[in-house]
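What follows is one structure encoded as structure tokens, with my remarks underneath.
We did not get these values from a lab; they are worked out from the coordinates using the rules stated. Small disclaimer: the values here were computed from a predicted structure and weren't measured. Every residue, glycine among them, receives a Cβ derived from its backbone with ideal geometry; neighbour counts consider all protein chains shown.
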Amino acid sequence: MAAAGRPRHRRLRIVLAVLALLFALWAAGLADFVRRIPGPGMRDEGTADGIVVLTGGAERLREGLRLLAEERAPRLFVSGVHRDATLAQILAYVPEYQADRRAAEAVACCVELGHAADNTAGNARETAGWISDGHLKSIFLVTADYHMPRSLLEFHRALPGTLIKPHAVFPEDSVRRDWWRRADTLVLVLVEYHKYLLALLRGLFDPGPAVTDGPHEARQTAASGPALP
């Protein structure tokens, strides 16, 4: 009777050991992911050939336009814009341009919208087409701090020959040192971490650079009519 129970106990110990190992790997990966989330002092202060803003918050667009105004790069590309949205509609989310038509017209020549992407991998593919069209060698990548690790993973995969300079913004739900103490940031980090893991796994089956979508959609001007964002 006792002898019959030994294999069962041995299997249980093996299962528990495997689960403990998997949890340790998961926790180590989470720690590495959090380490990759940039802080306020981790921005590149140089210049680049272009600026890429990933949609998802007015702070991102505002920061991209600030870089453009400071002549840190001559062109700005906003990826993942709603198909019906125009530049005028997008600029309406930025107070500095909302009531200043001249300011909006001043940047219309240098801001382009991409309408094809609906996720981060799509952002990278869409941007690859824009970079290929413009023969750019370097970009500022503007997105939220918690979104930056996965964005860099996708962009490095799609743009192996491009210098990518991460330029994070820090919205109200940005990741702080005590992120685990608040339910909202805890959920945010865990969700983003698992999306990051899925992106890593997808790269194991498709490690090469992403295929571009070809030339990006035509530039929208500040004088264009209104559309849903």
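Considering only the other residues whose Cβ falls under 11 Å of the Cβ of Thr47, what net charge follows from Lys and Arg at +1 and Asp and Glu at -1? Value of the local net charge: -3. Computed about the Cα centre, the dipole magnitude for the stretch 112-176 is approximately 320 debye when only Lys and Arg (+1) and Asp and Glu (-1) carry charge, each at its Cβ.
Length available on full extension from Arg66 to Ala17: 0.36 nm per residue minus the Cα-Cα distance, which gives 12.4 nm.
In deg cm²/dmol, rounded to 500, what helix-only [θ] at 222 nm does the chain give when every DSSP H run of at least 4 residues adds -39500 (n - 2.57) and the total is split over its residues? Calculated from helices alone, the mean residue ellipticity at 222 nm is -16000 deg cm²/dmol.
Short-range pairs are left out: with C-alpha atoms under 8 Å and at least six residues apart, the relative contact order of the stretch 1-152 is 29 percent.
Taking the charge dipole of the chain about its Cα centre, with +1 at Lys and Arg Cβ atoms and -1 at Asp and Glu Cβ atoms, the residue from Ala124, Ala17, Ala27 reaching farthest to the positive side is Ala17.
If you model the stretch 50-205 as an ellipsoid using its alpha carbon gyration tensor, with each semi-axis the square root of five times an eigenvalue, the axes come out at 26, 20, 13 Å, biggest first.
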